[in-house]
Amino acid sequence: MLYHLLLQTVKTQQSAGVSPGQPHLLHYRLYDVNDVEKAFNYLSQAASGGSLYVIVDEVSGIKNFQTLYEKLLTRVPRLHLWAASYFHQNAPAGWQVEYLTRPLRSPPTVVREVEQDEMITTDRHVLRYSERGVPDHTDGPPVRRLYHRGHSDSGRFPEDCVTCGREVASFLQSLRVGVTENSTTTSTALTSTNGATTPPCIQWRDVLVLSLGNFTVKSGMVTGLQEAGIPVQIMEDDYIEDLATARSDVVWMTRGHYIRGLERKVVVCIVERDLQDLKVERMHPLHIRLNLMSRCTSQLVLIYPDRLTPEGD
């Protein structure tokens, strides 16, 4: 997403007669020593004795990352390097650090769910949210909780359940997702004081359905959504650019690790099916609250297996 935003900036500058550098999108697994060496060789050659600007997103393998930047310092005298990580202990010694903890992405209803993650409350690997610093005009839409009660039409888990797919579809339609001004149904277009209309604020591309498991074209939830006329697309590696830029007006269905960093207005999150208790969700390397629920900027929908319900419900 950042790469595409930089491309837009470059195009704007070029149209104004400025000749900026060209961004390059590189994929390296810095926890892999071999990839560290590949990154060093490429970046040091790209600098060619001049300036080098590097943005590293979601730093992993902190020791290897420190090795990479120390090696680059010896080869690239005009090195400009920024890195981001939500693990606050990942900053190499001597770096200038900024902690961005104001919850500006999500409404309070979503923040309250995310901040219960044990990476924040117990392990303390992720800093707690600070004060928002600006008024909350609304608490946000209430979190919607759906339950897979072992429906007889399909498998054990929500991903396999046609009925769960239908319930999700019904809720999305109640939000008037995908309704346009030209629709034969009641339009959600808003009328301003001067009589002009604006299109609805939620489209299919604004919705993510996330799980820790895999979706396939045969998944019951996929079938349930499609039966309701909802356009869906299952994430595959070749589609990452389309997903990041929200180019296609479809509901994306994917495993949670594909979407770290991306945001959508409506996030449907299937709570881990293999956990006996929400309190042990930290046992999975991909934290449901921290990684999945935090992608939501407005309406959060949680689907629980029949044996897994939040406290107090």
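The values are calculated or read from the model by the stated rules, or taken from the named source; none is laboratory data. Every value quoted in this text rests on a predicted model; they were computed, and no experiment measured them. Glycine also receives a Cβ, built like all others from the backbone with ideal geometry; neighbour counts cover every protein chain displayed. These area figures cover heavy atoms from the full protein model, side chains too; ligands, DNA and RNA do not enter into them. Shrake-Rupley method; radii C 1.70, N 1.55, O 1.52, S 1.80 Å.
Quick rundown of the values:
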item: Test: Arg132 is out of contact with any Ser or Thr (no Cβ under 9 Å at 6 or more places or on another chain), modelled with pLDDT of 95 or more, over 30 Å from Lys63 (Cβ atoms) and of a type in the set (D, E, K, R); result: no
item: Residue in segment 81-96 that is modelled with pLDDT of 90 or more, farther than 28 Å from Glu131 by Cβ and surrounded by fewer than 11 Cβ atoms within 10 Å (Cβ to Cβ) present; result: no
item: Every residue from segment 5-42 that is without any contact (Cβ under 8 Å) to a residue 12 or more places away in the chain and among the hydroxyl-bearing types (Ser, Thr, Tyr); result: Thr9, Thr12, Ser15, Ser19, Tyr28
item: The lone exception for Leu52 - which of (1) in contact with an Asp or Glu (Cβ under 7 Å, 6 or more places away or on another chain); (2) of a type outside the set (Phe, Trp, Tyr); (3) part of a strand (DSSP E or B) it fails; result: (1)
item: Candidates Pro199, Pro231, filtered to the one that is modelled with pLDDT of 95 or more and open to solvent by 40 Å² or more (accessible area, probe 1.4 Å); result: Pro231
item: Hey, Arg295 within 14 Å of Gln116 (Cβ to Cβ), basic (Lys, Arg) and modelled with pLDDT of 65 or more or not; result: no
item: All positions within segment 26-47 that are in a loop (DSSP other than H, G, I, E, B), over 11 Å from Phe65 (Cα atoms) and open to solvent by 100 Å² or more (accessible area, probe 1.4 Å); result: His27
item: Residues being touching a strand residue (DSSP E or B) at 6+ places or on another chain (Cβ under 7 Å) and open to solvent by 20 Å² or more (accessible area, probe 1.4 Å) - total across segment 97-117; result: 1
item: Condition check for Val162: open to solvent by less than 40 Å² (accessible area, probe 1.4 Å), in contact (Cβ under 8 Å) with a residue 60 or more places away in the chain, closer than 30 Å to Asp57 by Cβ and in contact with a helix residue (DSSP H, G or I) (Cβ under 7 Å, 6 or more places away or on another chain); result: no
item: Boolean, Ser183 is out of contact with any Gly (no Cβ under 8 Å at 6 or more places or on another chain), modelled with pLDDT of 90 or more and open to solvent by 30 Å² or more (accessible area, probe 1.4 Å); result: no
item: All positions within segment 51-80 that are among the polar types (S, T, N, Q) and surrounded by fewer than 13 Cβ atoms within 10 Å (Cβ to Cβ); result: Ser51, Thr74
